[in-house]
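The values are calculated or read from the model by the stated rules, or taken from the named source; none is laboratory data. This one's a predicted model, so the numbers in the text were calculated from it and none came from an experiment. Cβ atoms come from the backbone with ideal geometry, glycine included; neighbour counts cover every protein chain shown.
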Amino acid sequence: MSASEVGGNVNEGALQGEMTIEAAEAVEGAILRFREACQMAETASGTDPAIGKWDIFETDEANYMVNAMGYSEALGENIIDTSGQLVEVDMQNSESVSHDVDIPNVSPR
């Protein structure tokens, strides 16, 4: 490949995209555990106003995690889409190349 060409391993790209989506989906379990931990902390802190507001903290932070999970899923999908686009470009380029090859007629000795 020359310095002006760009290439990519489409199989590796698709695999990395799938792994990114799987990692994002795993965050869902972490969010559930985070919510449970916040509820346990709220219960343990009782009615002390200095320690309160667990529900606001839980909602805000869980929303950040949900957003990050969505961004990661979108990233994985974009990686997979890009791999597919590389395949399409390769196919288009292979169709545009002339397949006419002059083979010299050489008789066997």
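Below are the figures for this structure:
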item: Failed item in (1) in a helix (DSSP H, G or I); (2) in contact with a helix residue (DSSP H, G or I) (Cβ under 8 Å, 6 or more places away or on another chain); (3) within 30 Å of N93 (Cα to Cα), with F34 passing the rest; result: (3)
item: Candidates E42, E61, E28, E22, filtered to the one that is surrounded by 15 or more Cβ atoms within 10 Å (Cβ to Cβ) and either among the aromatic types (F, W, Y) or assigned to a helix (DSSP H, G or I) (or both); result: E42
item: Filter result for A50 (of a type in the set (A, V, I, L, M) and at pLDDT 95 or above); result: no
